[in-house]
Each structure stands twice: as structure tokens, then as C-alpha cells.
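The values are calculated or read from the model by the stated rules, or taken from the named source; none is laboratory data. For clarity, every value in this text was computed on a predicted model and none was experimentally measured. Ideal geometry is used to build each Cβ from the backbone, glycine not excepted, and the neighbour counts take in all protein chains shown. In case anyone asks, the SASA skips ligands and DNA or RNA and just uses the protein heavy atoms, side chains included. Shrake-Rupley method; radii C 1.70, N 1.55, O 1.52, S 1.80 Å.
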Amino acid sequence: MNLFIARPRVLPSIFFDDTFIGNLGRIINSGGLVNHGFTNDDNHGSSRSSISQSDSTKIPMETKTITENTSTKPEQQNERIQWGNDREFLLSCISMSIGLGNVWRFPATAYANGGGAFLIPYIIILTVVGRPYYLLEMVLGQFSSKSTIKIWDMVPAFRGIGFVQFFILVALSSYYCSLMALTLFYLINSFQTELPWSKCRPEWGPNCLDSLRRSLNATVAYPTNVAQYSSAELYFFKEVLREKDNIDEGIGMPDWRLALCLAASWLVVFLVVVRGIKSSGKAAYFLASFPYIVMLGLLIRAVTLDGAGEGILYFVRPQWDKLKDPSVWYAAVSQCFFSLTICFGAIVMFSSHNRFEHNVYRDAQIVTTLDMFTSFFSGLIIFGILGNLAHELNTDIDRVVRGGTGLAFISYPDAIAKFTWMPQFFAVIFFVMLFVLGIGSAAGLASSVIAIIHDFKPQWKMIHVSSGVVISEFLIGLIYVTPGGQFMVTFVDYYITSFVAFVPAIFILIGVCYVYGLNNFLDDMEFMLKRRLGWYWRFCWYFLTPAIITGVFIYSVVNLKLLTYNGILYPDFAYVIGWILFSFALLQIPLWLVVSVIKKRHEFSFPEILKRTFDSSKNWGPDMNDIKIRWFEFRRDKKKTRSG
């Protein structure tokens, strides 16, 4: 017995007999579906109906059968819109997964965790965590043609995972567009004759240093006894954010300028997602390719700057002692999740619109490899520019490196202000690139929320669902464009997205590999893609990947500290609210497990009900009826082969 393969759940032998296959096809084509060997997750036992007498004489009574009569004709059952072509799917995945996290989050994370040494754990984590998850989600979505909640017809007791991911998607979408609003604000102000962050203003006080290029003969350094700030930094905090020192008395009212930028950002997202994948698929050609054109131009400019070589060496030079630090591996996993957008449900949604036979195995390799390349590519650009900034200020590079929004809205604008040739041009193309990257990811996240709602209410028009989601997200997003907005971005990111995401990630692998059965999943994948994956994937899905994620989650819990923003503590009530939101999200998993048990209380007695709770729903399987019949035949043949 292979240690790394979950033992497949044994279905009744009669489930795969020839009589059943014939009856199944006849019943499906007459408008009903026999649940033969699966459980009815939608109705109580009192409402179960039986098949006709003529069919019941052909199917043994010991096999439970449930017939669902529907008014939907067979040819109307699969109405899920598909991508215009295979390229649209691949480019949409690229535009969603390769975004702001690659451009500003990866370089700063790499610097803080050992520079070039961080690349080693990152590549390892991407290989044994990111890539297996990406492929898993692609397969689940394409095989079932369902979004992140509906795919758990596979194991209805685990449907809470989908609701946790929906909760995360709503939160992540809301603050992601607030970052795009900041980008749009900078983009608009980049068209001025002089970049507004290049010089200090009198109201900023005497400790401000102009970001303009200084004479190379001048020696400029940060004083050791007085705090000095660049004009780019003060412009970000005092002019753009107008940030409060703390939020003890509230976060304040939305800034009308940023609110307009936020509205414009959501309007662009709406235009991309208004018709579902019909519109977003066409936009993906531009959203996935344009940033690389800009990045190539920025790289050429970055490496020609004075001091760029030192900055790039700082980025790639390994600090080997960092590999022994568990926090470095934790950072690699976090970066992998954030960068690839795995375990949030968006990948499942995209792949659910594929042709059933589409080669998602190939696409998963392309996207994950390109993501790693883009992260490294962005690091070269950013650190080349930061090296020039350190050279101009005659200081160490670690004095000019900032993480998160600071890297995009302080360090880079500060460096651009020092360009002697057309600084406005480089500012414009940089923020256009950031905005386009953000649109690609934001559209993917918003599309996932829209798809989940539309799957539950298919009778609602897509334009109405899209409008409702965009307006709701915009209203939520107004809290991020207040004077305390960045406090809220950090708060929501910690309690609702980053920290929570590890839990559904663990349960996804438990549900697929240990409950549904890894062999069953591999059979489904083999039926769909006509290929059987080898030991590497089995080892990752069954053991290595869940072990790493569980270890990282335990590490994060053990090393838990009070959340701060730039070293500032939140009010006590904020921590209470944060843990309430965190608990609300995670309680969805046991809640829906209990719901699944309650639904079966009339069908089975204890302890049989506990076992049946984890059976697949009758709705699980390929969406097209003819494919579902062939799937049953394939599994029947597999069972015969295994039984010898």
C-alpha cells in the first residue's frame, strides 16, 4: 500500500454495474437524476421520491436511489458561460495572480528576510505549496463547473470552507481597491509641471529634506540626533493620507479626493466584470501584457542609474543565517498565498468556466513559474532604484527601504523625483503600471464574489449582481480613505485575510485528500485530463503541503503579538472586534458541518449519520449530463481494475 495515497471511499459494488449506467442515462435524459450511491444533501428523507416501477425492478433495492424531477430540460442544464478561448483563461489567471504583491510586497519581504537567501525558501514554498494548491483549485473548478462554495458538493460537510473564502474575498476586494485609489491619486498628480512630492512645503516643518536630485559634490546624510524625513514621505502622510496619529477617537470622515479616486477605480473594475468572463476575458489581453512592457522599460532605466548595482547586489546577496529563522519560512508562505491568490476561491471561479478537457496542468505550471519570475524581475527594478536613492542621499540602503505601501508611495516617488530626464514621464508609466496590475487582481477578486452570488441566484441578471457587488464594496472601501484608513487596511488584512487564510487552506486538503479520497480525486483528474499524476503531487497533497501549512499556522499562533500600525497600538475595542470577525469567519466550518448532520437526521440513525455526513452530494460531478455518464463508467472500470 502506498503510504501517501488516501484510501478511496468504497462505494457499493452495484453503483457501477452495467444496468445502473443504462438506467442513469435514461433517467437523466428524461429530466431527472438518480442519486445512486451518493446522498441527497438538499432534502430530508420525508421528501425523497422514488424512480418509476419499471426502473426500480432493474436496480437492486439495497442501493439508495433518489430522483430529483426538475423543470430544466437536459439541453438547458449547462448554461455556464465559457471563456472565448483558452488564452483568455490563462491571461486572466496571469493578470489576477501577478499584481501588486509582486511589485511592492515581494522586494520588501525579500529584503527583510535575508535578501538573496529568501529566494531559496520562496522557490521551495512555491514548488511544494503554491503550485500544488494552484493546480488543485484549477482542477476542482474545471471538473465541477462550480464556484468556491458549490464545489463542496464533493463533501457537503466542508461547505463552510467556501463561506470562509467568500468572507475573505469580500474583505480583500474592499481594501485592494483602496490601494488602487492611492495609485490613481498619484497618477493624476504626476502630470504637474513639477512633481508635488519633490520639494518640502513650509507647513511640513524644518525636518524635511527635498526629494529633488542634489549635487553629486554635496555630501548629504541623515543627522543622527534629529529625525529627518524626505518630502516624498511627508507628502504621502500629510498631503495624500492626511493621517491621524492614532484612531483612539475614531478613523474620521472619508477624504473626498480619495473617495473620488476610489469610485473611479471601482468604475473601471465594473466595466471589466459587468458581463462576467465575456468582458473580463477580453480585458485580460491588455491587463496581463501591458505591465511587462512597462517593467522592461523601468528595468532598463533602473540598471543605468548611479548606485543601482549596489542596490541589486543588496537584493540578491544571501544572508545564509536567515535560513535557520522560522519567520523567514513563514514570510515565504505568506508571500506565496498573497502573490498567487491561492485558497481565496478566485482560481476555482476562473477555472469553472473552462472547457472540461482544458489542460489546466500546463496552465498551472505557466502561471506559478511566471509569478516567480515577475517577483524577481520586480525586485531588480525596485532595488536598482533604491540603490540610486541611497547613493544620492549618501546613506545605507537599509535607511531608504520601506515595506508595503511605503515602498510604492514613498521610496519609489522619492527616487523618481531625482531623475534628471523627464521624471513626470517615469512617474506616469510607473503608476499606470501599478493601476493596471491592480485592476487585473481586483477584477479577479470581484468576479469571484459575483460568481458565488450568481451561482446561488442564477435567475438574477449578471449586470444587477455586478452592480450590487461593486456598489457594496465601494461603500465598505470608504473606511480606507479616511484619515485612519491605513490603520484599517492593516487591521482587515491581519484579522480577515492573511491570518484566516491558513485555516481553509488546511481544511481544503483534508476534505479533498482524506475525506473525499486522494485516489478518487486523482481518478477524476485522470478522467478529465487523460493523465495520471505521479508521486510528487501525491506526496505534496497528502502529506508535505498540509504539514507545512499546519506548521506555519501553529507558528503564527504561538508567536502572536498585538497588532500595531507603524508601532502604534490600536484601541482595546479594536482588538475585540478583530477577534470577533476572525471567529465569525472560522466558525463557518463547524457550523456547516452541524448543518450537514441536521439535514440527514431523518434519513439515517446514529452512528450511521456521522459516516453519511461526509458522503458526496448527488450534485457532485461534471456539469454536463453526457460527461457525467462517462464519468460513472470510468469510475466503474477503475473499481473493477482495483478489485482485480
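Points worth noting:
- Residues within the range 593-644 that are open to solvent by less than 30 Å² (accessible area, probe 1.4 Å), of a type in the set (D, E) and modelled with pLDDT of 90 or more, tallied: 0
- Among the residues making up the range 586-625, those that are of a type in the set (F, W, Y) and without any contact (Cβ under 8 Å) to a residue 60 or more places away in the chain are F604, F606.
- Any chance C336 is part of a helix (DSSP H, G or I) and either closer than 28 Å to Y565 by Cβ or open to solvent by less than 10 Å² (accessible area, probe 1.4 Å) (or both): yes
- Inter-residue pairs, beta-carbon under 7 Å, first free of Cβ contacts under 8 Å to residues at least 24 places away in the same chain and in the range 515-535, second assigned to a helix (DSSP H, G or I) and open to solvent by 10 Å² or more (accessible area, probe 1.4 Å), 6+ apart: R532/E526
- Among the residues of the range 83-133, those identified as of a type outside the set (S, T, Y), farther than 30 Å from L313 by Cβ and part of a helix (DSSP H, G or I) are D86, R87, E88, F89, L90, L91, C93, M96, P132.
- Candidate set from the range 474-487 (those that are over 30 Å from T193 (Cα atoms) and either free of Cβ contacts under 8 Å to residues at least 40 places away in the same chain or open to solvent by less than 10 Å² (accessible area, probe 1.4 Å) (or both)); member that is farthest from the chain's Cα centre (by Cα): G484
- Of the residues making up the range 362-373, none is farther than 30 Å from R275 by Cα, outside any helix (DSSP H, G or I) and open to solvent by 30 Å² or more (accessible area, probe 1.4 Å).
- Exactly one residue among I463, I471 is closer than 30 Å to K244 by Cα, open to solvent by 50 Å² or more (accessible area, probe 1.4 Å), among the aliphatic types (A, V, I, L, M) and part of a helix (DSSP H, G or I), and that residue is I471.
- Exclusive hit being buried (at least 18 other Cβ atoms within 10 Å of the Cβ) and more than 30 Å from S280 (Cα to Cα), set H391, H358: H391
- Test: residue in the range 441-451 that is modelled with pLDDT of 85 or more, within 24 Å of T341 (Cα to Cα), surrounded by fewer than 24 Cβ atoms within 10 Å (Cβ to Cβ) and among the small types (G, A, S): no
- Residue check for G345: more than 30 Å from V503 (Cα to Cα), buried (at least 16 other Cβ atoms within 10 Å of the Cβ) and small (G, A, S): no
- Residue check for W256: exposed (fewer than 14 other Cβ atoms within 10 Å of the Cβ) and either modelled with pLDDT of 90 or more or aliphatic (A, V, I, L, M) (or both): yes
- Members of the range 348-361 found to be in a helix (DSSP H, G or I) and touching a Phe, Trp or Tyr at 6+ places or on another chain (Cβ under 8 Å), listed by number: F350, S351
- Among the residues of the range 305-315, those that are out of contact with any Phe, Trp or Tyr (no Cβ under 6 Å at 6 or more places or on another chain) and either open to solvent by less than 50 Å² (accessible area, probe 1.4 Å) or modelled with pLDDT of 85 or more (or both) comprise L305, G307, A308, G309, E310, L313.
- The listed residues are I342, I382, and the only one of them that is of a type in the set (V, I, T), part of a loop (DSSP other than H, G, I, E, B) and touching a residue at least 12 places away in the same chain (Cβ under 8 Å) turns out to be I342.
- Test for Y516: is it closer than 25 Å to H358 by Cα and assigned to a helix (DSSP H, G or I): yes
- Every residue from the range 246-272 that is in contact (Cβ under 8 Å) with a residue 24 or more places away in the chain, in a loop (DSSP other than H, G, I, E, B) and not aliphatic (A, V, I, L, M): N246, D248, G250, G252, P254, D255
- Taking the listed residues D455, D524, the one that is in a helix (DSSP H, G or I) and surrounded by fewer than 21 Cβ atoms within 10 Å (Cβ to Cβ) is D455, with no other qualifying.
- Of all residues in the range 555-589, those being out of contact with any Pro (no Cβ under 6 Å at 6 or more places or on another chain) and either aliphatic (A, V, I, L, M) or open to solvent by 60 Å² or more (accessible area, probe 1.4 Å) (or both) number 24.
- Pairs with Cβ under 8 Å, 6+ apart, first in the range 214-243 and in a loop (DSSP other than H, G, I, E, B) and open to solvent by 20 Å² or more (accessible area, probe 1.4 Å), second acidic (D, E) and at pLDDT 90 or above: R242/D255
- Against the numbered list (1) more than 28 Å from Y480 (Cα to Cα); (2) open to solvent by less than 10 Å² (accessible area, probe 1.4 Å); (3) over 20 Å from the mean Cα position of the chain (by Cα), M422 comes up short only at (2).
- Scan the range 273-303 for residues that are open to solvent by 40 Å² or more (accessible area, probe 1.4 Å) and either of a type outside the set (S, T, N, Q) or outside any helix (DSSP H, G or I) (or both) and the total you get is 12.
- Wholly enclosed helices (runs of 4 or more DSSP H) of the range 539-644 bearing at least 2 residues aromatic (F, W, Y) and under 30 Å from I125 (Cα atoms): 545-558, 572-586
- Unmet requirement for C200, which otherwise passes all of (1) buried (at least 19 other Cβ atoms within 10 Å of the Cβ); (2) at pLDDT below 95; (3) in a helix (DSSP H, G or I): (3)
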